[in-house]
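A.B. asks: Questions regarding the structure given below will be posed in turn.
No value in this document is a laboratory result; all are computed from the given coordinates. Values in this document were obtained by computation on a predicted structure and should not be read as measured data. Note that we place each Cβ from the backbone using ideal geometry, even for glycine, and neighbour counts take in every protein chain shown.
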Number of protein chains: 2
Amino acid sequence: MNTKDLAYFDQLIKQKNFSKVAASFGVTQPTITMAVKRLETEFNTKLFLRDRAHHELIVTDSGQQLAVHAQSILGELDIAHQELDHLTQQRIILGLPPIIENHYFPRVAARLQELGMLENIQTLEGGSVWLRNALRDGQADIALLGSAEPLSYQTLLAEEFDRKPFNIFVSAQHPLAKRKRIYFSELKGEKFVLFTSSFVHNTAFNKLTRRNHFRPDVVFRAADTHVIMNLVAENVGVSFLTDIVDQHRHDVVRLELLDDEQPAFITSIVTRTSHVLTGTQQRVLKVLRETLEE
Amino acid sequence: MNTKDLAYFDQLIKQKNFSKVAASFGVTQPTITMAVKRLETEFNTKLFLRDRAHHELIVTDSGQQLAVHAQSILGELDIAHQELDHLTQQRIILGLPPIIENHYFPRVAARLQELGMLENIQTLEGGSVWLRNALRDGQADIALLGSAEPLSYQTLLAEEFDRKPFNIFVSAQHPLAKRKRIYFSELKGEKFVLFTSSFVHNTAFNKLTRRNHFRPDVVFRAADTHVIMNLVAENVGVSFLTDIVDQHRHDVVRLELLDDEQPAFITSIVTRTSHVLTGTQQRVLKVLRETLEE
DNA sequence: ATCCGTTATAAAATTAATTTATAATAGGCA
DNA sequence: TGCCTATTATAAATTAATTTTATAACGGAT
């Protein structure tokens, strides 16, 4: 069976129009008719009901079912292409969310350079959620991901390498600045300056506000830690971050949280379960583990 | 790309010999050479190193990686064939382990018959572990599985419908027969008659012996409940079963366990996540749920 | 009644896969 | 060394599969 037929079929399920599918693949319309016929013969079933009366194309139960498998097969094929591309180019695509890239990656990069392996690494940046999908879909080979819960996905293998509590950052002039530790509930009524993008921080933060029954007054969201820190220093609001960011400022004070069962910023090395590690990749992983898990 | 090429490739990975693979598919040897060439072109990589010197075929890293995907694609295709077969024959293959079939299925069957849906059901019998794989591989569509822990698998969807504690069955003449409840540790030194096949019972039993630090003296194992019960009645040994079996005997006494955190015989309705439920299948599932979860 | 947008069909053309026949390579062994 | 064997590769011929071209069929809309 030709996978091209599955691709035609997959599009037909989506577009529900033979001629348009043909056009989108740059082939003629009878090609699609024939492809569907071949699949119907191969699987010994009707895949579509051609209801010309109400000019719509009805997908049969079999069609629905095959569509799921077609997608899965085409996806797998796509991953195979990407993986083999990376392999032959001796290139490992390493997914890194910005915060992790800033805090953890410099160490790793230094070590990889010592060993002459840095040239084989190409980083791919994006939020943790986006990278998780990129990894699943074969765009990345390894990723360092942050999460509020231990990662566990069908097709991914996660190995936790660090776990940091979240802290509260306040301006040195802020009344709470004299404290060392506080309960999250004491922040009721505060103004907050938070991350805009990071899924993980928001998940953890929302969990805490919900648990403490208050709606936070978020006055600003920024994608960059320094922007947030500057705003905190100016006492525009307080922030909620891990201490992997920027501890060397005298105008900002870090407060630990005293709450039980605090969420943590968990960092993991993640790979696809279907990915076969080459020698080089195993060596890179070893370096990642040794550098990160100390 | 033709999936036939992947099938040739998959076998070549396993057999490492072009001529033999050709023979096993009933084609000539150059066909395999050409198929590999097509894949190498398609993925722009070398898949094998033909080391004629030590006459062995070396699989490259790319080859290893593609092999994983090839298997996955061929497996998916196989599942698709089976599922569509069942669909067009309006047939639902229901996997049932013997104990569940005996205890739970009669009720279900009666209800399905009332609704005229029994004829669409075909049962597939086997142990829980075997059935789990059969379900994953598309041989069955729905299964009722027993387990000692809640089921959780990558590609399967489990829905618990019952949970029964395990009991101890002793002969009416046995010293413990006067008791109603005992601790598992009191069985140290007893002879046991157990199930031979059932993974679930053994898992639970082993957990308890390990926790209570003794090596059980298993004098006999049988695949059939009645055989076990007869042996227990004759005081050949005591047994470890759920009370879904055979309570109407006067020569055998059932004892409850007093231990904390006892393992349970958990029964679940299990389906493949990739399976699209047709109307009929949804109706059958509804009957299963209604009949079983009461 | 004719036109439009659809999908199907059949023959021809094109492209792809397989076979046949044979070459090439290297080890084993007399 | 030279011949035999077990391999895999190559090239031309054959066969099979896919796609195009051209046209039909269908049913709704104008």
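A.B. asks: Testing the spin-label approximation: label points 7 Å from Cα along Cα→Cβ at B:M34 and A:A134. State their distance in nm.
C.D. replies: 4.2 nm
A.B. asks: Sticking with this structure for a sec: Work out from phi, with θ = phi - 60° and the Karplus expression 6.51 cos²θ - 1.76 cosθ + 1.60, the ³J(HN,Hα) of each residue of segment B:176-182, listed in order in whole Hz, and give x for Gly and Pro.
C.D. replies: Karplus values, whole Hz, x for Gly and Pro: 6, 5, 6, 7, 9, 10, 9.
A.B. asks: Using alpha carbons only, how many angstrom separate the centre of segment B:64-103 from the centre of segment B:223-268?
C.D. replies: Centre-to-centre distance over Cα atoms comes out at 34 Å.
A.B. asks: As an exercise, use a Förster radius of 45 Å and the Cβ-Cβ distance of B:M117 and B:T41 to find the FRET efficiency, rounded to the nearest 0.05.
C.D. replies: E between B:M117 and B:T41, to the nearest 0.05, is 0.30.
A.B. asks: Could the peptides A:24-32, A:77-85, B:104-112 be put in order, highest first, of the mean number of other beta-carbon atoms found within 10 Å of their residues?
C.D. replies: Ranking the peptides A:24-32, A:77-85, B:104-112 by packing returns A:77-85, B:104-112, A:24-32.
A.B. asks: Extension gain A:V236-A:H213, at 0.36 nm per residue separation less the Cα-Cα distance, in nm?
C.D. replies: Full extension of this stretch gives 6.0 nm more.
A.B. asks: To continue, here is another question. Residues with beta-carbon under 14 Å from that of A:T280, excluding A:T280: net charge, scoring Lys, Arg +1 and Asp, Glu -1?
C.D. replies: -1
A.B. asks: Could you list which residues have their amide H under 5 Å from that of A:G95, counting only those 5 or more apart in sequence or on another chain, with H placed in the peptide plane?
C.D. replies: It is A:L124, A:D141, A:I142, A:A143, A:L144, by chain and number.
A.B. asks: Taking R0 as 22 Å, what FRET efficiency do you get between B:V227 and B:K180 from their Cβ-Cβ distance, rounded to the nearest 0.05?
C.D. replies: 0.25
A.B. asks: Also: Using the basic label-point model (7 angstrom from Cα toward the beta carbon), what is the B:E56 to A:R283 distance in nanometres?
C.D. replies: 2.2 nm
A.B. asks: Only four residue types carry charge here, +1 at the Cβ of Lys and Arg and -1 at the Cβ of Asp and Glu. Report the dipole size of the protein assembly as shown about the Cα centre in Debye, rounded to the nearest 20.
C.D. replies: 100 debye
A.B. asks: Between beta-carbons, use under 15 Å as the cut-off and find the net charge around A:G138, counting Lys and Arg +1, Asp and Glu -1.
C.D. replies: Combined, the nearby Lys, Arg, Asp and Glu give -2.
A.B. asks: Can you give me the long-range amide H partners of A:F166? Hydrogens built in the peptide plane at 1.01 Å from N, cutoff under 5 Å, separation of 5 or more residues or another chain.
C.D. replies: A:F265
A.B. asks: Please list, in chain and number order, the residues 5+ apart from B:F192 or on another chain whose amide H is under 5 Å from its amide H, with Hs placed from the backbone.
C.D. replies: So B:F192 has HN proximity to B:D217, B:V218, B:V219, B:F220, B:V238.
A.B. asks: Now for a different question. Hydropathy at least -0.5 by Kyte-Doolittle, axial extent at least 24 angstrom from the Cα trace: which helices of chain A, defined as entire DSSP H runs, fit?
C.D. replies: A:61-88
A.B. asks: Which whole-number percent is the relative contact order of segment A:3-83 (Cα, under 8 Å, 6+ apart)?
C.D. replies: Once divided by the residue count of segment A:3-83, the mean separation gives 28 percent.
A.B. asks: Another question, if that's okay. Based only on Cα atoms, what Rg/Rh ratio does the protein assembly as shown have, Rh being taken as Kirkwood's radius?
C.D. replies: Rounded to two decimals, Rg/Rh equals 1.04.
A.B. asks: In percent, how large is the relative contact order of chain A, given Cα pairs closer than 8 Å and 6 or more residues apart?
C.D. replies: In percent, rounded to a whole number, it is 20.
A.B. asks: Another question, then. Which of A:V21, A:V129, A:V253 moves the most in a Gaussian network model of chain A with Cα springs under 10 Å?
C.D. replies: Greatest mean-square fluctuation among the candidates belongs to A:V21.
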